[in-house]
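The block underneath contains the structure these notes are about, expressed in structure tokens.
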Amino acid sequence: MKFVIDTSVIIAFCTECKRPELLYYLKEKNNELYMPNAVSDEIKETDITYKLLYDLKTKKIIKNINTLDKNDILEFKNKHPYLNNGEIEVILWGIKLKNKGVRYCCVIDDGKARKIAQLYKIKFTGTLGLLNKMVDLEILSSEEKNKIINKLKDAGFRIKLP
């Protein structure tokens with residue numbers, strides 16, 4: 001599975017719960033992790049997360065995706081001006097992968113971005129969904145997942161539990 005991940009997901013794993021190695025284990029279970037350029041640009045604004053992200057990129061755990069057509073980005077931004085650039089590129093990559101018939105999932109947490117992904121029939125999940133996937137793949141136990149969720153809540157992440 002190809003996961004296209006947004007900024008909040010990287011911040012959650014690298015900075016807030018301090019478990020970037022979980023992304024490595026996810027990759028080891030035959031998954032690919034991709035990050036659009038706009039997400040990388042957003043993370044440059046947070047020094048601590050950027051250093052951990054740089055390490056993940058150097059070890060090829062997370063790969064940058066090629067740049068999208070600037071006109072496509074601008075057109076999408078004009079249609080959905082309330083989305084940030086990272087969310088826009090994650091969704092556009094979801095559309096592109098869907099159209100190619102690739103097995104993918106966009107990982108976005110923002111409610112507005114998720115509604116737009118739903119509008120375009122993009123397969124998506126959030127940080128919590130990725131944690132659930134890690135439990136399914138036996139990367140995490142349910143107890144470890146719950147500890148991480150509590151850390152994220154303490155850090156101010158809004159998490160909706162089913």
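Inspection of segment 22-34 identifies no residue that is in contact with a Pro (Cβ under 8 Å, 6 or more places away or on another chain), surrounded by 12 or more Cβ atoms within 10 Å (Cβ to Cβ) and either of a type in the set (Lys, Arg) or closer than 18 Å to MET1 by Cα (or both).
Annotation note: Cβ proximity below 7 Å between a residue of segment 78-100 that is without any contact (Cβ under 8 Å) to a residue 40 or more places away in the chain and more than 18 Å from ILE43 (Cβ to Cβ) and a residue that is among the basic types (Lys, Arg) and assigned to a helix (DSSP H, G or I) (sequence gap 6+ or interchain) occurs for TYR82/LYS112. Screening segment 10-123 for helices (runs of 4 or more DSSP H) wholly inside it with 3 or more residues that are under 23 Å from GLU138 (Cβ atoms) and not basic (Lys, Arg) returns the ranges 21-28.
Of the numbered criteria (1) outside any strand (DSSP E or B); (2) over 20 Å from ARG19 (Cβ atoms); (3) not aliphatic (A, V, I, L, M), the one LYS133 fails is (2). Out of curiosity, is LEU53 in contact with a helix residue (DSSP H, G or I) (Cβ under 7 Å, 6 or more places away or on another chain) and modelled with pLDDT under 90? Spelling it out, LEU53 is indeed in contact with a helix residue (DSSP H, G or I) (Cβ under 7 Å, 6 or more places away or on another chain) and modelled with pLDDT under 90.
Screening segment 111-162 for residues that are of a type in the set (Phe, Trp, Tyr) and within 17 Å of the chain's Cα centre (by Cα) and picking the one that is surrounded by the most Cβ atoms within 10 Å (Cβ to Cβ) gives PHE124.
The values are calculated or read from the model by the stated rules, or taken from the named source; none is laboratory data. What you see is a predicted model; the values in this text were computed from it and never measured. Cβ coordinates were reconstructed from backbone atoms using ideal geometry, including for glycine residues, and neighbour counts include every protein chain displayed.
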